[in-house]
Each structure stands twice: as structure tokens, then as C-alpha cells.
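First the structure, in the form of C-alpha cells, and then the observations on it.
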Amino acid sequence: MKQEERTSETERLLHLILANIDDLIAVVDLEGRRLYNSPSYESIFGARSRLRGTDSFEEIHPGDREMVRSTFKKTIETGAGRRIVYRLVGKDGNIRYIESQGNIIRDEEGKPEKVIVVGRDITDRMRAEEERTRLFSAVEQTNEAIVITDAAGTIQYVNPAFERLTGYGRDEILGRNPRILKSGAQTDEFYREMWATLLRGEVWSGRIVNRRKDGSKYQEEMVISPVRDSNGAVVNYAAVKRDTTLERQMEEQLQLAQKMESLRELAGGIAHDFNNILNVILGTFTLLRAKVMGNPAAEKYLAMGESAVRRGEDVGKRLAMFAQVDSSQHIPLAVAGLIREVEASLQNSIEKTIRIETFSEPDLPLVHASQPQLYQSLLTLGLNARDGIVNAPATDGLITFRATSVDGRSVHEVFREATARHYVRVTVADNGSGMSDERRQRIFEPFIKSEHPEGARGLALATVYSVVKGHHGFIDVSSEKGHGTTFSIFLPAVHVDAQTPGEPVGGFIPGGSETILIVEDEEALRLLLEEVLFTRGYTVLTAADGVEGYEVYAQHAEEISAVIADMGLPRQSGFEMFLKIRERNPRAKVILASGYLSAELKSKLFVAGAKAFFPKPFETTEVLRKLREVLDLPA
């Protein structure tokens, strides 16, 4: 009786345990039909789980069913169970992850009779692992560089983006300190403030310049966040870093372009006024020369004055070139030949201790350019390279000119405005003193001195920048203090035969008796032109602005044979006045003058009917020649 009571108590305790445990316990026959399921199965399948004789494989996910059947058979065949993970399809179609192992129950003869399966619902654990896997995959695959350090700053993890950004492999960087990336661009105070923020348990963010494994520098935005354990103690730091080198370059290019545009407008206005003043002086000298002929002393002083005006003309041309308003002709040009000319000029003007090397790619495409402007720009860069070498510590000076063709797509990656399919890249490199990053960013601003005392200043490099932009090109500079400087110019390539512009033909310039209208706002220049034309027999009418000019023309349209007008007139521009005159008289002969006149505007004016142009400052003989040529054109 006591044995029966003990058995009954054991069964009661067994049922009590099975009813209260979370583990899944099932007994199935050798075909997998259910003989017993613990009550814990009901949380997954509901009451169906208690049905005897039903197929235990039915609720296994179709993708795992064959794997489970195979494992079940091997357990029966070998007598050894194996732990596996599979999915069950529960009530309402919910997927549950089960980890289980089957073991053989043998009969009295030792033959397999049943299989007991003990399992556990690990859905929450699997989902957590999947979430961690997704997070890890995201961190591994993101384009942002991620670094995790311990509380002391020792690197414990970096993702592939970090390896691509810095050039350091994971095996090279783990266990080291992030200071391996220091470039020297930030001060010690910068790092003290960063660590003070982090040690307060706060997030630090900012921009920083670091150094890659190959020594090159890059800019990045970085956010460093403390990572705390369950007790709130900081145990790690996680840094998310984004390479902003290209963005910063584009920002710098945009800022420089905006600044240069404003300066070009200012320079254009100055060039206009300056050339007007030179015109008055030069014209006055021309008139005086006839009156002092035979007086050697007076002729000497006139010659000195004329020489000074010529130097002033050169300044005016450089101002106009900087303002991108120089009227030089753009032609298909071979850069290789131009580099040879620049090399020859430098050989005769710089120290013999400085070597010059040149290389031009065979079959290099032509560029559409102004030969004088491009020549002067390359010469300026060559002289700037010489200054960097002369002021460097003892070194064997070397200036290198290289011209190569470049695919437009690679240029577009750096200069987003680049649209040409092919470019010619001209680099001017030296092994001189180099410059700081701060100076490099401002090197194309007017009147910024180089860090070496004899370096390029004034409008020199600013003019180079404007010339390149005026050729629809791009210019970049790379430099490091003590390691030389390289300027890179990118010009759109063309594929036509090179040409050379024709030279003007001189000769005697006859006067005339026609009536000429002069429209010029600079009074001294207006009076000078009136005097010059009057002495050659012309009848002269004058006006001081565009509105008055049109009114005078309207009153004397039948008498006026030609109009000489400045482009930069007050009240109404010379261009607007010209269009009104042409509207009134489509056969009107108009000559336009300007200290700055772009090729695009000149082409537009020709299409509209302008007969000729001359730049300021001008020779009075050039005005007389142009005027006579226009007057002699068929009506």
C-alpha cells in the first residue's frame, strides 16, 4: 500500500512539474506520431497539441521539416540524439524558434520503442541575435567609418569603412590608440577640450583633419559617444566618422568662386575707369607731340610720359584679364608647344641651379584658349614655383611641367561643374618650401602674399584663377609645408587643327568729312576724341550718356555716318543705346569701345549688327583706322 502511495505521489509531482515548466517535452512513437505533449506546448499550438496520434511534423516550418525528419531518423538508427534549432508554425501562423534534442526510449528487450523530445522556445533569443546580426551587418556595411575603443582609448573595433578611409587594416589598428591618425593640424588644446567633454560623459562632435597610413591628410566630421554599462559607468567610446574632404573642397571652391566674382566685378569697373584716364593722357600726349615737334627736351619728356602710360596699359590689361573681360582671341591651341615657350622663358630668367623638366603626353588634344593669357598664367605659376624653391632649405630645385589628357568623369568627381568629356591637365610642381593648409585655401585671393618673402602677390595668382575660369576650366592646388606645391589646371579638350591669329596691318590712315557721333561719359576723353576727329576733317557731335546719345542720333540720323560709343554709359548702357539705334536704322554703323568686353558679348554684338570694337585704352590712330574701315564698308 505504501509503495502504491509513493508511486501515486511521484506521478502527482511529475504532473505538477510538467504543468509548470516552460520547457517543451514530447513523447512520440517511431513514426513521429504524438503520444504525449507537455502542457507548455499549448502556449504555442493551443489544445491541438494534446491530441494523441497526430503527426508531430505537421507544425514544423516547411523549410525545416526535412532537416528535422532526417535528424529524427538518425536518432532512431544510431540511438544518439543531436541538438538542433528549427521553426514551428504556431497558432495564428506565428513563427517560433525551437531548440531541442531527442533521446531513445527502449522496451524491455532494449529495442527502440519511443522518442522523448526535450526542447525550449528560444524565439526571443534568436530575434535578439538576428537584431544584433542586422546591427553588425549595418555597421560593417555602412559608408561611415566607425571606431569603438575602451574607456582608456584603446581601439577594440573598426569597420571596413574605417579601413578604406584610413588605409589601416583591422589587424594593424586593433589594440592601438586613435592618436596614430593625428595629422598635427589640431593643437594640444583641441584634444584636451575633446577629452574633457568625453570624461564628463558628454557627446563630442566636430571637424578634424587626420592623416592616412600613406601620409595624406583628409577632413572628417566625427561624433564620439560614451557607451555605459548597466551601472551607468562609461566602458567604451563609439566614434562615427564621415569623410568630408570632397565636400570641404567643393565648399572652398564655391566660396572662392563667389568671392572672386565680386572682385571681378570690382576689377572690371576699375579697369574701365583706369583705361579712360589713360586714354585721356595718351591722347593728350599725341596732340602735344605735333605741337612740340623740333623741341628735343619736350619730346624727351613726352616719350617718358608715353612710356609710363604703356606700363599703365599693362596694368589695365591685367585688371581686365582678372575680370575675365580681356578681348584676346581664343583659338585651338597645342599646350605642349606653349609649355616649351614657358620653359625657354624661365631658363633665361631664373637661377641656373633650378632644373626644369617638361612632359607632354603624345597626341595630346588641343584646348580652345587665348595664347597670351595661358602663356602668362603658366609663366606666373613657374615663377611662383621658383620663389618656393629659392626660399626653401637647401635642396636641388626642380620645377616640373606635365600635360596629360584626363577623362571628364574623373574631373567631375572633384569639380561638379565640369561637363566636358575630356580635359587637358597641366600641372606645375615644385619641390620647394610648400605652404600651410590655411594659406593654400586663400592662395588665389588678390593681394595675398606667399609665405616666402618674394612669392607671388598682388593679382598674379588671382589672375591665373580668373584666366582658367574664363576658359571654362578648373584649377586646384595641393601643398604641404616643407614638401613643395603642385598646381593643376584642367582645360576642356577640343579636336581640331591648331591655328594662329593674324597680325593687324599698319599703314597710312586717311581722314574724312563725314559726321560722327561720339557718346562717352568721361568728359576729358570725349573732348580728346572730338579734337582728334576734328583735326582729320570730320564733323563731330557728342553726348555724355546713352539716353542723350540716342536723342542726338534721332535728331541727326540723316547726317550721322557712324557712331562711336562707350559700352559703360550711365542712364542707358551703350549696348541698349546701340540696339535702339539699330532698331531705328538697321544700316547704322556703330563702333563700340570698352575696357572689358567678353568674347560672348562681342559675338552677341556682332550678330546684332555692330561693325567694330576697340579696347580701352586705345591709340587715337587705332580709332581713326577703325573708323575709316567702317565708314568705307558698303551701306
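The values are calculated or read from the model by the stated rules, or taken from the named source; none is laboratory data. None of these values were measured; they are calculated from a predicted model. Quick reminder, even Gly has a Cβ in these numbers, built from the backbone with ideal geometry, and neighbours come from all protein chains shown. With ligands, DNA and RNA removed, areas are computed over all heavy atoms of the protein, side chains included. Shrake-Rupley method; radii C 1.70, N 1.55, O 1.52, S 1.80 Å.
Specify the residue that is surrounded by the most Cβ atoms within 10 Å (Cβ to Cβ); the eligible residues are those in region 169-188 that are without any contact (Cβ under 8 Å) to a residue 40 or more places away in the chain and of a type in the set (Gly, Ala, Ser).
Looking at residues that are without any contact (Cβ under 8 Å) to a residue 40 or more places away in the chain and of a type in the set (Gly, Ala, Ser), I get Ser183.
Please determine whether any residue of region 28-39 is of a type in the set (Gly, Ala, Ser), touching a Gly at 6+ places or on another chain (Cβ under 8 Å) and either assigned to a loop (DSSP other than H, G, I, E, B) or at pLDDT 85 or above (or both).
The answer is no, given that none of the residues of region 28-39 is of a type in the set (Gly, Ala, Ser), touching a Gly at 6+ places or on another chain (Cβ under 8 Å) and either assigned to a loop (DSSP other than H, G, I, E, B) or at pLDDT 85 or above (or both).
For Ile516, which of the numbered conditions (1) more than 14 Å from Leu631 (Cα to Cα); (2) touching a Ser or Thr at 6+ places or on another chain (Cβ under 7 Å); (3) buried (at least 21 other Cβ atoms within 10 Å of the Cβ) fails to hold?
(1)
Picking from Ser345, Ser370, Ser377, which residue would you name as being among the small types (Gly, Ala, Ser) and modelled with pLDDT of 85 or more?
Ser377
Can you tell me which residue is nearest to Leu627 (Cα to Cα) among those in region 521-546 that are assigned to a loop (DSSP other than H, G, I, E, B) and not basic (Lys, Arg)?
Among those that are assigned to a loop (DSSP other than H, G, I, E, B) and not basic (Lys, Arg), it is Tyr538.
For region 330-371, give me the residue count where each residue is open to solvent by less than 30 Å² (accessible area, probe 1.4 Å), out of contact with any Ser or Thr (no Cβ under 6 Å at 6 or more places or on another chain) and closer than 30 Å to Val390 by Cβ.
9
List every residue pair whose Cβ atoms lie under 7 Å apart, where the two residues are 6 or more positions apart in sequence or sit on different chains, the first residue falls within region 68-90 and is within 14 Å of Ser56 (Cα to Cα) and touching a residue at least 60 places away in the same chain (Cβ under 8 Å), and the second residue, located anywhere, is open to solvent by 40 Å² or more (accessible area, probe 1.4 Å) and part of a helix (DSSP H, G or I).
Note: no pairs meet the criteria.
Looking at the structure I just gave you, is Arg409 without any contact (Cβ under 8 Å) to a residue 60 or more places away in the chain, within 26 Å of Gly184 (Cα to Cα) and under 28 Å from the mean Cα position of the chain (by Cα)?
Criteria not met by Arg409.
Within the set of pairs 6 or more residues apart or between chains, which connect a residue that is over 23 Å from Arg421 (Cα atoms) and open to solvent by 50 Å² or more (accessible area, probe 1.4 Å) inside region 463-484 to a residue that is part of a loop (DSSP other than H, G, I, E, B) and charged (D, E, K, R) with Cβ atoms less than 9 Å apart?
Lys481/Glu451
Among the residues of region 144-168 satisfying the criterion of being touching a residue at least 24 places away in the same chain (Cβ under 8 Å) and over 20 Å from Val234 (Cβ atoms), which is nearest to the chain's Cα centre (by Cα)?
Going through the qualifying residues, I end up with Leu165.
When the residues of region 60-93 are filtered to those that are within 60 Å of the chain's Cα centre (by Cα), among the acidic types (Asp, Glu) and at pLDDT 85 or above, which remaining residue is nearest to Arg120 (Cα to Cα)?
Ranking the qualifying residues of region 60-93, first place goes to Asp64.
Looking only at region 412-443, count every residue that is open to solvent by 50 Å² or more (accessible area, probe 1.4 Å), without any contact (Cβ under 8 Å) to a residue 60 or more places away in the chain and touching a strand residue (DSSP E or B) at 6+ places or on another chain (Cβ under 6 Å) and tell me the total.
So the answer is 1.
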